[in-house]
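The structure appears right after this line, and notes come after that.
The values are calculated or read from the model by the stated rules, or taken from the named source; none is laboratory data. Just so you know, these numbers come straight off a predicted model, no measurement behind them. All Cβ positions, glycine included, derive from the backbone under ideal geometry; neighbour counts span all protein chains shown.
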Amino acid sequence: MPHELSSSRTALRICPLCEATCGLTLTIEGTRVTGARGDRDDVLSRGFICPKGASIGGLDADPDRLRTPLVRRNGRLTETSWSDAFDVIADAVPALAQEHGQQAVGVVLGNPNVHTMAGALYPSALLSALRTRSLFTASTLDQMPKHVSSGLLFGDPNAIPVPDLDRTDHLLLLGANPLESNGSLCTAPDFPGRLKALRRRGGTLTVVDPRRTRTARLADRHVAIRPGTDALLLAALTHVLFEEKLTATGALAQHVEGLDETAHAVREFTPEAVAGACDIEAATIRAIARELAAARTAAVYGRIGSCTVEHGTLASWLVDVLNILTGNLDRPGGALFPLSATARTPRPAAPGKGFALGRWTSRVSGHPEAKGELPISALAEEIETPGEGRIRALIVLAANPVLSAPDGDRLDRALDGLDFMVAVDPYLNETSRHAHVVLPPPPPSQSAHFDFAFNALAVRNQVRYTRPAVPLGDGLLDESEILARLVLAVSGMHGADPCTVDTTVVDRMLTRAVADPHSPVHGRTPAELAAALTGRTGPERRLDLMLRLGPYGEGFGADPEGLTLERLLAHPHGIDLGPLRPRIPEVLATRSGRVELLPAPIAADLPRLRHALADRHGPDALLLVGRRHLRSNNSWMHNIAELSGGSNVCTLQMHPADAARLGLADGAPATVASDGGAVTVPVEIDDGVRAGVVSLPHGWGHNRPGTRMSLAAAHPGVNVNQLLDGSRLDPLSGTAVLNGIPVTVTSAAAPAGAVPRRGPRSASRNHT
Ligand SMILES: Nc1nc2c(c(=O)[nH]1)N[C@H]1C(S)=C(S)[C@@H](COP(=O)(O)OP(=O)(O)OC[C@H]3O[C@@H](n4cnc5c(=O)[nH]c(N)nc54)[C@H](O)[C@@H]3O)O[C@H]1N2
Ligand SMILES: Nc1nc2c(c(=O)[nH]1)N[C@H]1C(S)=C(S)[C@@H](COP(=O)(O)OP(=O)(O)OC[C@H]3O[C@@H](n4cnc5c(=O)[nH]c(N)nc54)[C@H](O)[C@@H]3O)O[C@H]1N2
Ligand code: SF4
Ligand SMILES: [Mo]
């Protein structure tokens, strides 16, 4: 180890562990991260840190992290060299595509791709190299309904309005628990502090959640809705605004079409009509609508609990309908569109191409694509079902669908039957254990960081970049280089310099820019511009290019004060680019050039919502919802000692009245059963969940053989997604219904005959 690395020092690193993107100050001894605190000078996070960020040293140094590529030989995964690993991929993937067709090679992208530079910069090159439509991502377990509603309303699926937390007077928050999750589709480090500040400045907070969460406990009003009925509640709020003439679209009026049609479309959803289904009094619904309309400024914001439900796209649409009708969309204090430093530079407003859904459908069940993706719930059947286009090879980047998607047992078996699978993952887990080649990225401290995705969802426009805090360890490859080499290996260019991938992208972007009359580089030559780029690596040069051509960029000399990578590097705590500002109409890309308030696919889905009005559950029905714990992160952070234990456990939370009715004591094992199967799990009696609702966290179930996550395996928990068979989807977005699932719960010690019809499946076995 070089001498200068042997003493203690500090280095800045943006936290990649959740959407808050806090700036961290790492303490480093030698090459080891021994501490982390919030960077007080960070322009966005101002010193905030949570327990996960504080434990990043433990995650970085986890002895179970893979440090060497693995290749399957004689059925066993064995350590190998990087060159051998890529040789194996180059031998297998192009040949399988040749033999079975392009659709036979599938790609799965998991959540951490939005938290790494590599995940932002290379998947599109991978997909174009493969020319496959077999793309599945965590979005169809998450925010796809929001993309679809934004695509339909605004013409751009990535134009997602963000609640202006720091300036709003009133926040109506549905199905989100930022006190545990630290926020999502709303990048706001210290979300808890920002909510408290809202209250302190006299603002009001309403939280709609079947559980009295830590967020709900901060609120002026907590509405314990029946799961799965947010779209009904939101439709009723919309109805009240029209009925009581409380709409005031203000400056937006000239940019919105379809108001009358929308009023007509929600006419049946009166507060009185939805009250029973939502289990919320009509008077409360009217009060919420009036408060929303009366607030000087207000924002409606919905997340997981309003997305991963039966009417997820309708609920996501109605969130913005309410923002629009109250004049709060696109105004300070309402919900605004951020403008990130790497976004496309705004153009003069003009009609766009609009957003199309269902341009193709999945092979087996005919699910429509959304944003180029097929529902991840359909992955197993696409692997299992014979016929042309059957998936034979899978490239899995940073995803663990065996735990995160419905019916993990079925997917587990399907993956086992693949001809070839690559996983880019630091862990050998429930999914990667099936791979023929595992390519492990380095730990976070050894990677550079830039938030391409979350800067476009942040409550303040700002830009930050951190270089690796620790040099790349011996024998490791930067994840960008791993993905670049993977692109080359599958595209017949195996062995070429990985920089080729970056120079090709740079050249393509510059060629497009010089031909664009709106670009500051119009008419110049790509080679001259490429030569001006700075940066030590391919990803840095690409970042430099995006910053220069972005909305705050120096435009290769057009604005000498503008952003470049060099200027950003001179500001290690980031550069504040100001509060969010109105962006309509420039942000609109619909065919009409206006906000299309009642898009046809939405109108066509409303009859399904009408059916839900009548959909009454019996008095003893139980509906399952999820939950997140502050010290958790989906399926992959149960292996970190500092984050484990205490209240971070896999239990079935249940209201005391339901527990009493079912004869279940606190801590007693209960069997939960639904469409897809059953799991057995300890009961936790908690009056924070409303009666008629039970809650299990996701990401557990670490009991499969062949993984290498010792601590996680020692307290495995059960996989909640085993209760799902993958058939419940929000039809417009293909998103799995993960909340509001009817379940039965029985004592696991119950006598024979009392067990559910399909029979309990013990969680401690791997079913085949
Ligand atoms: N029932 C239920 N299910 C859910 C949810 C729910 O609320 N309820 N939530 C859903 C949501 S919102 C999401 S986003 C999905 C997440 O679904 P996934 O993305 O499939 O799951 P993660 O657990 O985030 O797994 C990420 C994988 O990336 C790996 N990884 C971690 N860091 C890196 C890295 O730097 N590089 C690479 N290459 N790999 C890395 C981890 O080891 C892990 O294997 O789960 C969904 N599933
Ligand atoms: N600590 C921690 N932080 C995380 C993650 C993590 O696993 N752990 N995961 C990250 C990821 S990938 C994401 S997408 C975000 C998600 O961030 P959030 O959306 O804030 O996620 P949750 O904490 O799951 O909150 C969802 C809430 O919806 C409620 N809910 C369930 N069903 C319904 C319903 O039908 N209606 C309403 N109104 N509410 C309902 C649940 O009770 C729960 O409190 O968190 C991110 N941050
Ligand atoms: S809130 Fe999120 S980004 Fe901030 S320190 Fe915690 S895990 Fe990291
Ligand atoms: Mo997510």
Since D416 meets every condition but one in (1) away from ligand 1 (no atom under 14 Å from the Cβ); (2) over 30 Å from T590 (Cα atoms); (3) in contact (Cβ under 8 Å) with a residue 60 or more places away in the chain, which condition does it not meet?
(3)
State which residue is farthest from ligand 3 (Cβ to nearest atom) when the search covers only the stretch 138-162 and only residues that are closer than 17 Å to V737 by Cβ and of a type in the set (S, T, N, Q).
S149
Residues (within 27 Å of the chain's Cα centre (by Cα), more than 16 Å from ligand 1 (Cβ to nearest atom) and part of a loop (DSSP other than H, G, I, E, B)) located in the stretch 11-39
C22, D39
So which pairs qualify, if the first residue must be in the stretch 54-76 and among the basic types (K, R), the second must be within 16 Å of ligand 4 (Cβ to nearest atom) and outside any loop (DSSP other than H, G, I, E, B), the Cβ gap must be under 9 Å, and the two must be at least 6 apart or on different chains?
none
Test of understanding: among V649, V693, V689, V625, which residue is under 30 Å from R708 (Cα atoms), outside the structural domain of E310 (by TED's automatic domain parsing), away from ligand 3 (no atom under 16 Å from the Cβ) and surrounded by 22 or more Cβ atoms within 10 Å (Cβ to Cβ)?
V625
Please specify each residue of the stretch 230-273 satisfying the condition of being touching a strand residue (DSSP E or B) at 6+ places or on another chain (Cβ under 9 Å) and within 23 Å of A287 (Cβ to Cβ).
D230, L233, L234, L237, T249
Return the only residue of R460, R485, R433 being touching a strand residue (DSSP E or B) at 6+ places or on another chain (Cβ under 8 Å), basic (K, R) and farther than 30 Å from I160 by Cα.
R433
Scan the stretch 219-229 and tell me whether some residue there is within 30 Å of Q462 (Cα to Cα), buried (at least 20 other Cβ atoms within 10 Å of the Cβ) and within 9 Å of ligand 2 (Cβ to nearest atom).
no
When residues of the stretch 137-190 are filtered for being of a type in the set (S, T, N, Q), outside any helix (DSSP H, G or I) and more than 22 Å from T326 (Cα to Cα), how many remain?
7
Among what's in the stretch 122-137 and is surrounded by fewer than 24 Cβ atoms within 10 Å (Cβ to Cβ) and either within 14 Å of L397 (Cα to Cα) or of a type in the set (S, T, Y) (or both), pick the residue that is farthest from ligand 4 (Cβ to nearest atom).
S128
Return the only residue of P112, P51 being modelled with pLDDT of 95 or more and crowded, with 24+ Cβ neighbours inside 10 Å.
P112
Considering each residue of the stretch 37-66, count those that are of a type outside the set (S, T, N, Q) and within 16 Å of ligand 2 (Cβ to nearest atom), and give that number.
10
Can you find a residue in the stretch 594-611 that is within 16 Å of ligand 3 (Cβ to nearest atom), of a type outside the set (A, V, I, L, M) and assigned to a loop (DSSP other than H, G, I, E, B)?
no
Against the condition surrounded by fewer than 23 Cβ atoms within 10 Å (Cβ to Cβ), modelled with pLDDT of 95 or more and within 12 Å of ligand 1 (Cβ to nearest atom), how does D84 come out, does it pass?
no
With the structure loaded, tell me whether P572 is of a type outside the set (D, E), more than 25 Å from the chain's Cα centre (by Cα) and not in a helix (DSSP H, G or I) or whether it fails that test.
yes
All but one of (1) buried (at least 23 other Cβ atoms within 10 Å of the Cβ); (2) out of contact with any Pro (no Cβ under 7 Å at 6 or more places or on another chain); (3) assigned to a helix (DSSP H, G or I) hold for G193, so report the exception by its number.
(1)
Those helices (runs of 4 or more DSSP H) completely within the stretch 259-347 that have 1 or more residues that are among the aromatic types (F, W, Y) and in the same structural domain as L232 (by TED's automatic domain parsing) are 312-325
Might you let me know whether the stretch 465-475 holds any residue that is crowded, with 21+ Cβ neighbours inside 10 Å and part of a strand (DSSP E or B)?
yes
I'm checking my understanding of the structure. Among residues of the stretch 28-58 that are farther than 12 Å from R9 by Cα and of a type in the set (D, E, K, R), which one is farthest from ligand 3 (Cβ to nearest atom)?
D41
Over the stretch 502-556, the set of residues among the hydrophobic types (A, V, I, L, M, F, W, C) and over 28 Å from G574 (Cα atoms) is V514, A515, A527
Can you tell me which residue within the stretch 598-621, out of those that are at pLDDT below 95 and acidic (D, E), is surrounded by the fewest Cβ atoms within 10 Å (Cβ to Cβ)?
D620
With criteria (1) under 22 Å from L259 (Cα atoms); (2) buried (at least 24 other Cβ atoms within 10 Å of the Cβ), G354 comes up short on (2)
Of the residues C22, C15, which single one is within 16 Å of ligand 3 (Cβ to nearest atom) and in contact with a Phe, Trp or Tyr (Cβ under 6 Å, 6 or more places away or on another chain)?
C22
Criterion first (in contact with a Pro (Cβ under 6 Å, 6 or more places away or on another chain), of a type outside the set (S, T, Y) and outside any strand (DSSP E or B)) does G358 satisfy it?
yes
The stretch 80-101, residues that are assigned to a loop (DSSP other than H, G, I, E, B) and within 31 Å of the chain's Cα centre (by Cα):
G101
Scan of the stretch 59-85 for residues that are among the aromatic types (F, W, Y) and within 16 Å of ligand 3 (Cβ to nearest atom), ordered by number
none
Does the stretch 112-129 contain any residue that is aliphatic (A, V, I, L, M) and more than 23 Å from G538 (Cα to Cα)?
no
